[in-house]
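Working notes for the structure below.
Nothing in this text is a laboratory measurement; each read-out follows from the coordinates by a stated rule. In this text, all values refer to a predicted model and were calculated from it rather than measured experimentally.
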Amino acid sequence: MDQNTLFFFNEHPEAVYLYEAFEARLLAELEEVTVKPQKSQITLKNRRVFGAVSFLPARRAKARPNPYITVTLGLNRRLESPRVDKASEPYPGRWTHHLVIGSVEEIDGELMRWVREAYDFAAAKR
């Protein structure tokens, strides 16, 4: 993990292991992914941005695990799943989904299928 990523987790060091597990699957399962740590999020992109990891409080504090990360994905449809904490359609045909992840077990095949779908959706844009 590079220094910029470690700096991103400076205030949430207990969540590093969640991100490491997510990033390991991401890089193992998808080709040509760029991971760019920024001040408020870690951006995930191929040709275009398809997702992000952040500490967005997408779930009420009482229901939020500790530690947690929030995975945000852009899709061309609304996901109908209880795992989705928030969804919005900022543009017609473009849905943004926020999923709060509180355990390594939640970084499963279903989540990674949605990540792949977001990756493919972003790659297909002009």
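Quick notes on this structure:
- Remark: the stretch 91-105, residue by residue, has Karplus-estimated 3J(HN,Hα) of 9, x, x, 10, 10, 10, 10, 10, 10, 7, 10, x, 8, 4, 4 Hz, where x stands for each Gly or Pro and the curve is 6.51 cos²θ - 1.76 cosθ + 1.60 at θ = phi - 60°.
- Inverse of mean 1/r across different Cα pairs in the chain, Kirkwood, Å: 14.7
- Coupling constants for the stretch 121-126 follow from the phi torsions by the Karplus curve (6.51 cos²θ - 1.76 cosθ + 1.60, θ = phi - 60°), and in residue order they are 4, 5, 5, 7, 5, 7 Hz; glycine and proline get x.
- Applied to the stretch 64-74, the Karplus parametrisation 6.51 cos²θ - 1.76 cosθ + 1.60 on θ = phi - 60° returns per-residue 3J(HN,Hα) values of 7, x, 9, x, 8, 10, 10, 9, 10, 10, x Hz, with x for Gly and Pro.
- Candidate lysines for bridging to LYS62, where Cα separation is under 23 Å - those fewer than 8 sequence places away on the same chain excluded: LYS86
- Shape class of the stretch 60-121 from the alpha-carbon gyration tensor: oblate, with a/c at 1.5 or above and b/c at least as large as a/b.
- Taking the chain as a Gaussian network of alpha-carbon nodes connected by springs under 10 Å, the highest mean-square fluctuation of the residues VAL100, VAL16, VAL71 belongs to VAL16.
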